[in-house]
2 protein chains.
Amino acid sequence: MKKYAIIVAGGSGTRMGASLPKQFLLLHDKPVLYYTLQTFLQAYDDLELILVLPVEYTDMGQEIIDAWFDKERIRITAGGDSRFQSVKNGLALVEEESVVFVHDGVRCLLSTALIHRCYETAVSSGTAIPVIPSKDSIRLLTEEGNNALDRNLVMQVQTPQTFHSKIILPAFQIDYKDKFTDEATVVEAYGIKLNLVEGEEENIKITRPLDLVLAAEILSARKQ
Amino acid sequence: MKKYAIIVAGGSGTRMGASLPKQFLLLHDKPVLYYTLQTFLQAYDDLELILVLPVEYTDMGQEIIDAWFDKERIRITAGGDSRFQSVKNGLALVEEESVVFVHDGVRCLLSTALIHRCYETAVSSGTAIPVIPSKDSIRLLTEEGNNALDRNLVMQVQTPQTFHSKIILPAFQIDYKDKFTDEATVVEAYGIKLNLVEGEEENIKITRPLDLVLAAEILSARKQ
């Protein structure tokens with residue numbers, strides 16, 4: 001089936017304390033975003049990328065494409081005020097029945113194996129959400145105080161969150177709500193059951209300067 | 001009030017793929033454990049340390065103490081088969097009414113400010129559990145599938161978990177249960193309400209080789 005990957009890099013990265021949004025920071029001499037795009041393009045020959053960027057950085061995104069990639073396979077669109085709106089802008093470019101990946105641009109260390117795993121599950125079951133078990137003890141705040149959750153039941157959610165287009169396109173017609181922290185919550189609000197797939201420990205999200213150090217270390221280990 | 005800190009370093013650190021348990025690995029030329037002990041000793045002059053180590057590593061622990069610390073303030077005891085038993089062995093050395101900190105030996109980057117915060121809350125309210133808000137979207141496995149938790153209500157639990165001795169000593173007379181992943185769950189099973197205090201982003205637990213790289217980076221940034 002046809003595949004689209006919406007790469008969400010709409011944030012201006014204020015948490016990094018850097019002048020550039022984090023998706024453009026250099027990792028082993030190439031922008032973070034380079035690795036994300038490259039891994040998706042390698043995963044499937046018939047996959048098209050939709051790159052969602054802050055409007056003031058679309059030119060910089062185009063430079064990355066011109067330098068390293070086949071421009072026929074990547075389109076750029078402008079992000080919105082929220083992640084929900086950014087993804088919605090990306091979904092507007094989905095033209096045919098397909099499997100749609102939605103991925104954080106700053107999760108640049110995912111593997112093609114993870115992309116394949118998400119695809120297979122989304123094809124067979126409509127949805128695929130990668131998760132890893134929580135490493136920490138977790139407490140949930142309640143009205144009366146707080147209580148422990150069974151750590152074995154607590155899952156950290158990653159991306160690419162992957163859906164059949166027949167599910168994600170109508171799901172995103174809903175009005176925005178604060179609880180929509182990812183695409184899974186939107187699709188869940190549309191009444192669809194979510195299938196979890198095994199995520200990856202190294203599929204980290206680069207949000208702090210330290211994460212960039214960690215990512216460089218992971219890349220070095222892979223090259224050895 | 002008198003203070004004891006039980007530093008739990010009972011694990012043999014198989015996850016690191018290193019020959020040495022992770023608490024002995026070097027971080028800027030000193031063992032991980034050095035930083036943990038040093039921060040607690042600096043926090044309060046009347047604080048005594050109880051260091052819980054695998055029995056085959058008590059000599060190595062003693063070498064660290066001899067090299068850097070006042071041996072009058074630190075005692076070593078052997079760990080048990082579980083964290084619960086290791087903490088119980090440490091608690092056996094608590095001799096007077098006090099505030100008892102229980103801390104992961106491999107969380108070597110905590111601040112004295114965090115120790116003070118935990119102490120103040122434990123003195124006034126009996127318990128103090130440091131937590132930080134979850135950065136990830138979280139799903140909880142259920143019998144029917146899984147569902148999203150409100151991320152604002154999900155807290156990652158850290159240490160030092162801190163208690164009045166009148167609470168933690170009797171609480172640990174309970175029989176061990178699998179759900180006891182930390183001291184908070186033991187004290188909760190004893191029927192005590194837990195007070196949460198603000199933890200620290202940099203209070204990381206060194207469990208993977210990458211965490212050691214991250215810790216070194218944090219230390220370098222602090223030195224600058």
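All of the numbers you see were taken from the coordinates with simple rules; none came from a lab. Treat the numbers as computed from the prediction; the structure is a model and nothing was measured. Neighbour counts run over all protein chains shown; Cβ positions are idealised from the backbone, glycine included.
Need one number: nm distance between label points at A:ASP46 and B:GLU201, each 7 Å from Cα along Cα→Cβ, rounded to one decimal.
4.4 nm
About the Cα centre of the stretch B:2-223, what is the dipole size in debye to 20, counting +1 per Lys and Arg Cβ and -1 per Asp and Glu Cβ, all else neutral?
260 debye
For the stretch B:100-224, go through all pairs of different Cα atoms, get the mean of 1/r, take its inverse, and jot down that Kirkwood value in Å.
Values: mean 1/r = 0.0621 Å⁻¹.
This gives a value of 16.1 Å.
Over 36 Å apart: what share of the alpha carbon pairs of the protein assembly as shown falls there, rounded to a whole percent?
Percent of Cα pairs beyond 36 Å in the protein assembly as shown: 35.
With chain A rotated onto chain B, spot the residue of A whose Cβ lies nearest the axis and note the distance in whole Å.
A:LEU214, 3
State the answer as a single residue: which of B:GLY105, B:ASN195, B:LEU27 lies farthest towards the positive end of the charge dipole of chain B, with beta carbon charges of +1 for Lys and Arg and -1 for Asp and Glu, about the Cα centre.
B:LEU27
Taking the Cα centre of each part, how many Å lie between the stretch A:65-134 and the stretch A:16-53?
The two parts, judged by their Cα centres, are 12 Å apart.
Starting from the amide H of A:LEU27, placed 1.01 Å from N in the peptide plane, find each other amide H under 5 Å away whose residue is 5 or more places distant or on another chain.
It is A:VAL32, by chain and number.
Starting from the stretch B:134-202, pick out the GluC sites (Glu not before Pro) whose DSSP state is loop and whose Cβ has at most 15 other Cβ atoms within 10 Å.
Loop-located and lightly packed - B:GLU143, B:GLU144, B:GLU201.
In chain B, if the dipole is taken from +1 on Lys/Arg beta carbons and -1 on Asp/Glu beta carbons about the Cα centre, which of B:LEU51, B:VAL87, B:VAL154 is farthest to the positive end?
About the Cα centre, the residue reaching furthest to the positive side is B:VAL154.
Give me the dipole magnitude in Debye, nearest 20, for the protein assembly as shown about the Cα centre, with unit charges on the beta carbon: positive for Lys and Arg, negative for Asp and Glu.
80 debye
Residues of the stretch B:182-209 with the amide nitrogen closer than 14 Å to a label point 7 Å from the Cα of B:SER125, along Cα-to-Cβ, please.
It comes to B:192-199, nothing else.
Given 10 °C and 1.306 mPa s, how large is the Stokes-Einstein diffusion coefficient of the stretch B:46-145 in µm²/s, with Rh as the Kirkwood radius over Cα pairs?
98 µm²/s
Just going by the charge dipole of chain A, with Lys and Arg at +1 and Asp and Glu at -1 on Cβ, which of A:THR127, A:PRO170, A:SER137 is farthest out on the positive end?
A:SER137
What residues qualify as long-range amide H neighbours of B:VAL197, i.e. H under 5 Å apart, gap of 5 or more or another chain, H built at 1.01 Å from N?
Result for B:VAL197 returns B:ILE129, B:VAL131.
Classify the stretch A:2-223 as rounded, prolate or oblate, taking a ≥ b ≥ c as the square roots of the eigenvalues of its Cα gyration tensor: rounded when a/c is under 1.5, otherwise prolate if a/b is larger than b/c and oblate if not.
Rounded.
What does the C-alpha gyration tensor say about the overall shape of the stretch B:140-189? Classify as rounded when a/c is under 1.5, otherwise prolate if a/b is larger than b/c, or oblate. Intermediate values should be presented prior to the final figure.
Working: a/c = 3.78, a/b = 1.81, b/c = 2.09.
It comes out oblate by the Cα gyration axes.
Counting Lys and Arg as +1 and Asp and Glu as -1, each charge on the Cβ, what is the dipole of the stretch B:91-154 about the Cα centre in debye, to the nearest 20?
Values: 5 positive and 9 negative charges, 77 e Å.
Magnitude of the dipole: close to 360 debye.
I want to verify a result. In a Gaussian network model of chain B, Cα cutoff 10 Å, which of these has the top mean-square fluctuation: B:ASP59, B:ASP150, B:ASP104?
B:ASP150
What are the trypsin sites (Lys or Arg not before Pro) within the stretch B:124-224 that DSSP puts in a loop, where the Cβ has at most 16 other Cβ atoms within 10 Å?
For trypsin sites (Lys or Arg not before Pro) across the stretch B:124-224 that sit outside H, G, I, E and B with at most 16 neighbouring Cβ atoms in 10 Å, the list reads B:LYS135, B:LYS177, B:LYS179, B:LYS193.
Testing the spin-label approximation: label points 7 Å from Cα along Cα→Cβ at B:ARG75 and A:LYS71. State their distance in nm.
For B:ARG75 paired with A:LYS71, the spin-label model returns 7.4 nm.
If the viscosity is 1.002 mPa s and the temperature 20 °C, what Stokes-Einstein diffusion coefficient in µm²/s follows for the stretch B:161-212 when Rh is the Kirkwood radius over Cα pairs?
In µm²/s, the coefficient rounds to 165.
Would you calculate a helix-derived [θ] at 222 nm for chain A, using -39,500 (n - 2.57) for each DSSP H run of n ≥ 4 and dividing by the full residue count, to the nearest 500?
After summing the helix terms and dividing by the residues of chain A, the value is -10000 deg cm²/dmol.
What does the average come to when, for each residue of peptide A:172-180, you count the partner chain Cβ atoms lying within 10 Å of its Cβ?
That works out to 1 on average.
Evaluate E = 1/(1 + (r/R0)^6) for B:GLU56 and A:MET1, where r is the Cβ-Cβ distance and R0 equals 56 Å; express this FRET efficiency to the nearest 0.05.
0.50
Compute the relative contact order of chain B as a whole-number percentage, counting only Cα pairs closer than 8 Å that sit 6 or more residues apart in sequence.
It comes to 23 percent, rounded to a whole number.
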